[in-house]
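What follows is a single structure, written as structure tokens, with notes after it.
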Amino acid sequence: MVKEKATDLQDIVSHCKKLGFIYQSSEIYGGLSAVYDYGPYGILLKNNIKEYWWKAMVQMNENIVGLDAAIFMDPKVWKASGHTDAFNDPLIDNKDSKKRYRADQLIEDYIQNKIQKKIDKDVAKGKKRFGDSFDKEQFLATDKRSLERQQKIDSILNRMNNALNAADLDDVKQLIVDLGIVCPHSGSKNWTDVRQFNLMFSTQGGGATSEDVLYLRPETAQGIFVNFLNVLNTSRQKIPFGIAQIGKAFRNEIVARQFVFRMREFEQMEMQFFVRPGDQMKFYEFWKEARMKWHLALGTAADKLKYHNHEALAHYADAALDIEFKFPFGFKELEGIHSRTDFDLKAHQELSGKKIQYFDPELKESYIPYVVETSIGCDRMFLALLSDAYHAEMVPDAKGGMDERIVLKIHPSVAPVKCAVLPLVRSNEELTNKASEIFDAIKYSFNCQYDEKGSIGKRYRRQDELGTPFCITIDGQSLEDNTVTIRERDSMKQERVSVELIEKIVSEGVDMRNLLKQL
Ligand code: GAP
């Protein structure tokens, strides 16, 4: 019997620190807020996530090519894209606590804590009362109290979005006042006015451009747009085709919280798909499905992923949605799919004076392509993967009692370590020599780890905590008949196999093709 305990964000943060997945930046100096470093196992997992994304995009699609653009770009890029003038967050300060908040997040938190939670509570009560026969959709569509609460949520969001879109910051503040929102720290309603704060980090150009200021890119997408012609002219691609890129992005997030969910320096995996004007909705639907499949192939429970359509569209988009994941702190954006029209290429054409057009040989006409974008944060994906994989289970121990086992049930194809080689005891040189031989023979094929320190039970637990799919144990019998036991992480089942079969069993179990074939 296996019993499970619910996971909260602190479990994930502590696990990451303890195991060497993620450390806070500059920790010995007290830690730099919202910036993180990936440790020995973190970098392995992060690289595997990137490899899975890259292969799913570039290797699996003959009409998608890769790019690695520089972080620094001509500042005019950000003028054209709208970031210099409009990449802002609305900020508000509480005069008593001196704490600074994003005004829209204060309002969203109010909705979540004061209204949405009540709806969820009534749903939970209904479920408890009626069991399997409870129909949540029907309940939400007919229950008077829930309908009133939903209407209230819609009306608040509507007012907030209208005020933000119209840059009416006075009304954003008035909404906070009207709702009676208090500062989570001081409990006071003593607010400053709301004002805009640009999220781009800037630095001196050092003569690199004619301008003085250089920006650290806030998204990787613009590197793709400004290279559209270069790639078109050198890659023999025809529309529809895509350009994919993985790289760092920087945003001076004011309210950085929830670990690697919102960072100041992070990594994006973005793909811009260039299409004929008018075809954008077809490809928007295509990429919406394709990206959901990518997530589901990892074994993530379907009820932890959902689409969230954007009600208020950015001025350059004609459709947009988020793929949301159920993080320990609720459903939040994991990935964005945006139909960006011809906004970016057109803006770069206008400001650069360079014709950015595509001659369509079938239509025999030139046009500025439309763009469908898929954009996911690598770090946010890391957090989603760990949140889904982390399990605290009570399992039977050798003495007939129960013991807690922390296990990362990560898909074997992206697990940081694929296989651990464990001599049963380290005092027996014959066993350790045999184990080293096995390690040396299989290390060419996948990432494995040799460990001889501590009891075998403790070593299994450590590998479970790392998410290692296979443990190979070398015991007395191994010396007699050249067999070992191979233990599978999730079931904890052990099987005795010949040494010659280890490489084949592990290679097949961790092969990334297992993921790619599901797409
Ligand atoms: N090019 C479009 C774009 O950048 P976005 O919704 O601002 O769109 C895309 O960002 C994705 O990048 C998000 O869905 C999220 O996964 C990730 N992301 C954005 N800001 C982030 C931050 N401060 N920390 C970590 N990840 C972030």
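Which of the residues that make up segment 209-261 are over 16 Å from the mean Cα position of the chain (by Cα), basic (Lys, Arg) and more than 24 Å from Pro90 (Cβ to Cβ)?
Arg236, Lys238 - these are the residues of segment 209-261 that are over 16 Å from the mean Cα position of the chain (by Cα), basic (Lys, Arg) and more than 24 Å from Pro90 (Cβ to Cβ).
What residue, of Ile246, Ile224, Ile254, is on the phi < 0 side of the Ramachandran plot, assigned to a loop (DSSP other than H, G, I, E, B) and within 14 Å of the ligand (Cβ to nearest atom)? Break it down into steps so the answer makes sense when it comes.
Working: Ile246 fails: assigned to a loop (DSSP other than H, G, I, E, B); Ile224 fails: assigned to a loop (DSSP other than H, G, I, E, B).
Unique residue meeting the criteria: Ile254.
What strands (runs of 3 or more DSSP E) completely inside segment 289-396 contain at least 1 residues that are small (Gly, Ala, Ser), away from the ligand (no atom under 11 Å from the Cβ) and farther than 30 Å from Pro75 by Cα? Reasoning before the result, please.
On the way: elements: 305-309, 319-327, 330-341, 358-360, 365-367, 370-377, 390-396.
Strands (runs of 3 or more DSSP E) meeting the threshold: 330-341, 390-396.
Of all residues in segment 233-244, how many are surrounded by fewer than 22 Cβ atoms within 10 Å (Cβ to Cβ) and touching a strand residue (DSSP E or B) at 6+ places or on another chain (Cβ under 7 Å)? Walk me through how you get there before you give the answer.
Just the residues of segment 233-244 that are surrounded by fewer than 22 Cβ atoms within 10 Å (Cβ to Cβ), to begin with: 233-241.
Applying the additional criterion that residues be touching a strand residue (DSSP E or B) at 6+ places or on another chain (Cβ under 7 Å) yields 235, 237, 239-241.
The total comes to 5.
So in segment 257-281, with the set limited to residues that are farther than 18 Å from Gly42 by Cβ and near the ligand (Cβ under 9 Å from one of its atoms), which one is surrounded by the fewest Cβ atoms within 10 Å (Cβ to Cβ)?
Start the filter on segment 257-281 by keeping residues that are farther than 18 Å from Gly42 by Cβ, which leaves 257, 270-281.
Now drop any that are not near the ligand (Cβ under 9 Å from one of its atoms), which leaves 270, 272.
Working: Glu270: 26, Gln272: 29.
Only one residue tops the list, namely Glu270.
If you check every pair at least six apart or on different chains, which have Cβ atoms under 9 Å apart with a residue in segment 498-518 that is loosely packed, with under 14 Cβ neighbours inside 10 Å first and a residue that is among the small types (Gly, Ala, Ser) second?
As it stands, the answer is Arg513/Ser413; Lys517/Ala297; Gln518/Ala297, since those pairs meet every condition given.
Identify all residues within segment 8-60 that are more than 18 Å from the chain's Cα centre (by Cα), surrounded by 15 or more Cβ atoms within 10 Å (Cβ to Cβ) and among the hydroxyl-bearing types (Ser, Thr, Tyr); write none if there are none.
Ser25
Tally time: how many residues in segment 383-400 are under 15 Å from the mean Cα position of the chain (by Cα) and surrounded by fewer than 23 Cβ atoms within 10 Å (Cβ to Cβ)?
Here the count works out to 2.
Determine which single condition Thr7 fails, assuming it passes every other condition in (1) outside any loop (DSSP other than H, G, I, E, B); (2) at pLDDT below 95; (3) closer than 22 Å to Cys378 by Cβ; (4) not small (Gly, Ala, Ser).
The single condition Thr7 does not satisfy is (1).
Residue check, Ala320 against (1) crowded, with 18+ Cβ neighbours inside 10 Å; (2) among the small types (Gly, Ala, Ser); (3) under 24 Å from Gly20 (Cα atoms), all met but one. Which one?
Result: Ala320 fails condition (3) only.
The values are calculated or read from the model by the stated rules, or taken from the named source; none is laboratory data. Since the model is a prediction, treat every value here as computed from it, not as a measurement. A quick note on method: Cβ atoms are made from the backbone with ideal geometry, for glycine too, and the neighbour counts reach across all protein chains shown.
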